[in-house]
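Here is the structure we will look at.
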Amino acid sequence: MPYTFVPEHRHARAYGRNVRISPKSAAIICAVIRNKPLTRAKRLLVDLGSRKRSLDGKYYSKTVGEILQLVESCEKNAEGLGLAPERLFVHASAHKGMLMRRRRRKSGFGSQLKAANIEVMLVERGKVDEAKAKERLKEAVTEAVKKQVREMKEKEKHIVEEAVKTEKPTEHGKEVEMKVKKDFAEMEKKGLEQQLEEMKEKEKRIEARAELAKKNEGEKK
């Protein structure tokens, strides 16, 4: 995707091509949220969408909705890259998209359709708090593991119920139930081990960045 520039700091990106909104309105909204912290920018977009706030009496509802989706998509990309949410600042810009026309049945072409190309970046600024980064990573892994366990238990319950229904002998039905529970326990253990391995790998990367930052500060001095 074509971007206007590449930030020096760590960042995440999202791009909307030929979004069916006015380029002029998109440029106004992008200018308003540009260089704002992520939380403030999202709150502003949500307030405009719900008509709690306005810009010179206008809400730009459709434009705000599309840009908010891009910001949220970019936020997920930032989370996947391990960027610190509290240090993310928004860069957003809009440009004219492809010129399109609405077709008519009887005549050749109808009215023009407005479209805009929108880029959204979340740039990480400021010093990295490694302790907070590790804590945030552990919380994310713990939540992911809990979610996985809940899903597996729900699936296990459903499969056991179906297995017991299809098996006529009571004793055999219990054997099936125990076997299914054992299989799911093994699957659950493997899932937890995998999550822990990923967490350890991410912690190693965080420690490596911290060492590199210390080394750079030492060289500057």
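The values are calculated or read from the model by the stated rules, or taken from the named source; none is laboratory data. Computed from a prediction, not measured in an experiment: that's the story for all the values here. Counting neighbours? That spans all protein chains shown, and the Cβs are built from the backbone with ideal geometry, glycine included.
Structure above, values below:
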{"read-out": "Single match in Lys42, Lys24, Lys62 (criterion: in a helix (DSSP H, G or I), in the same structural domain as Gly80 (by TED's automatic domain parsing), under 19 Å from the mean Cα position of the chain (by Cα) and surrounded by fewer than 18 Cβ atoms within 10 Å (Cβ to Cβ))", "value": "Lys42"}
{"read-out": "Selection status of Arg34, modelled with pLDDT under 90 and either among the β-branched types (Val, Ile, Thr) or more than 14 Å from the chain's Cα centre (by Cα) (or both)", "value": "no"}
{"read-out": "All positions within the range 65-95 that are surrounded by fewer than 15 Cβ atoms within 10 Å (Cβ to Cβ) and of a type in the set (Lys, Arg)", "value": "Lys76"}
{"read-out": "Residue in the range 72-86 that is modelled with pLDDT under 95, out of contact with any helix residue (DSSP H, G or I) (no Cβ under 8 Å at 6 or more places or on another chain), among the hydrophobic types (A, V, I, L, M, F, W, C) and closer than 30 Å to Ala144 by Cβ present", "value": "yes"}
